[in-house]
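Here is the structure we will look at.
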Amino acid sequence: MVFSAMFSPTLNLSISSTTNCCSRRREASRGLNSMRVRARSTEKGESKEKDEDDKSSFNPFGFVTDNASSRSAIQLPQSPAEDGNVGQMIDKIQDKGKEFGSYVKSGKLRWFVRETGSVKSRRGTIVFLHGAPTQSFSYRVVMSQLSDAGFHCFAPDWIGFGFSDKPQPGYGFNYTEKEFHDALDKLLEALKVESPFFLVVQGFLVGSYGLTWALKNSSKISKLAILNTPLTVSSPIPGLFQQLRFPLYGEFQCQNAIIAERFIEAGSPYVLKNEKADVYRLPYLASSGPGFALLEAARKANFKGTFSEIAEGFATNRWDKPVMLAWGLSDKYLPQSIAEEFQKGNPQNIKLKLIEGAGHMPQEDWPEKVVDAFRMFF
């Protein structure tokens, strides 16, 4: 079931071709019920500011269109038949967002893996792991620039996310932490990634599993870079993951076609350009699979227990490998204090690099600064 199935057959979704944007961030300019987003120029891009001209008007689809990118991309057209339906929308964007990527079979699972550089790259191999509910697409610019600097880079979409397989829960994959770990082990073997390698981790849920995997496989890692990720028991849990755990409401929420772009924008000072939002939206729009995978993973997760395991595992006398925290200061989910608290647990091995202007996903918000930090560290 895709998102549009929840509404009447006359409701159709369309992709706006709006291209009025600055070089880095687009301005969302169309909305429902006279709701507009005004963007003001900043040093890096355009920040979000909502202007509700008519707050008293009732909008039954407000929960769908309350973020900037979807307001200009997913609409209720006056002439639905002329603007196209969901199938036409998917056809227009289905080939987007697969830069540097190919499919890799590992056991019974098929992963979508992005790769830049070559095995002969002189500076070593970096493996990038994304968080929920996004995908490896977020690393595309960082990977491209680091391969130019001499690194060999891999960035898989976790099983259940992006363009990788999304098995139905109970049929070969149950979305537990152990299964994610085991699947990653098999993938690294299939990719012939030699140890030790550099590891980069970002984000919630599967991002956290990337760190717990590192704790269990420290001998395979030479250096670890962490972008904004929950690291201590003080880390807040975003509302999305709490909502997914409610019976029935979680099933409804997980089928929101704009769940990923909405999550990204809520944690960032910037608005996604349409062409980026298309890619993050596509898996959830094309199939019910990624939504139910996210739902299952969120319900199986022990968030606070995992945060505690990470904080304790990387503490002094427990972890002796170099760690760099490249932390977006404008993260709306995880404050700077989380990074500082984590660093205090092992100040000799953990170094903090603050990235001004970046939010929850620094690799998407300001990839050039992330690349500069990685080149110095790796």
Examine segment 307-315 for a residue that is touching a residue at least 40 places away in the same chain (Cβ under 8 Å) and within 19 Å of the chain's Cα centre (by Cα), and state whether such a residue exists.
-> yes
Would you check which residues across segment 267-293 are within 12 Å of the chain's Cα centre (by Cα) and either aliphatic (A, V, I, L, M) or under 24 Å from Pro169 (Cβ atoms) (or both) and list them?
-> Ala277, Val279, Tyr280, Arg281
Some residue of segment 340-353 being touching a residue at least 60 places away in the same chain (Cβ under 8 Å), surrounded by 16 or more Cβ atoms within 10 Å (Cβ to Cβ), within 15 Å of Ile226 (Cα to Cα) and among the hydrophobic types (A, V, I, L, M, F, W, C) = yes
The one condition Thr134 fails out of (1) in contact with a strand residue (DSSP E or B) (Cβ under 8 Å, 6 or more places away or on another chain); (2) closer than 30 Å to Gln242 by Cα; (3) among the β-branched types (Val, Ile, Thr) is (1)
Got a number for residues in segment 325-359 being under 18 Å from Pro236 (Cα atoms) and among the charged types (D, E, K, R)?
-> 4
Test each condition in (1) without any contact (Cβ under 8 Å) to a residue 40 or more places away in the chain; (2) more than 19 Å from the chain's Cα centre (by Cα) for Leu329 and report the one that comes out false.
-> (2)
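Looking only at segment 319-372, how many residues end up being of a type outside the set (Ser, Thr, Tyr) and not in a loop (DSSP other than H, G, I, E, B)? Write out each step before concluding.
Taking segment 319-372 and keeping what is of a type outside the set (Ser, Thr, Tyr), we get 319-329, 331-332, 334-336, 338-372.
Next, only the ones that are not in a loop (DSSP other than H, G, I, E, B) stay: 323-328, 336, 338-344, 350-355, 362-365, 367-372.
Within segment 319-372, residues that are of a type outside the set (Ser, Thr, Tyr) and not in a loop (DSSP other than H, G, I, E, B) number 30.
If I filter segment 218-231 for residues that are more than 17 Å from Trp319 (Cα to Cα), part of a helix (DSSP H, G or I) and either in contact (Cβ under 8 Å) with a residue 60 or more places away in the chain or among the aliphatic types (A, V, I, L, M) (or both), do I get at least one hit? So that I can check it myself, show each step before the final result.
Initially, segment 218-231 is screened for residues more than 17 Å from Trp319 (Cα to Cα), giving 227-230.
From the residues that got through so far, the ones that are part of a helix (DSSP H, G or I) too are none.
No, that holds for no residue.
Read-outs: derived from the displayed coordinates by stated rules, not from any lab. Source: prediction; values computed, not measured. Every residue, glycine as well, gets a Cβ built from its backbone with ideal geometry; the counts of neighbours run over all protein chains shown.
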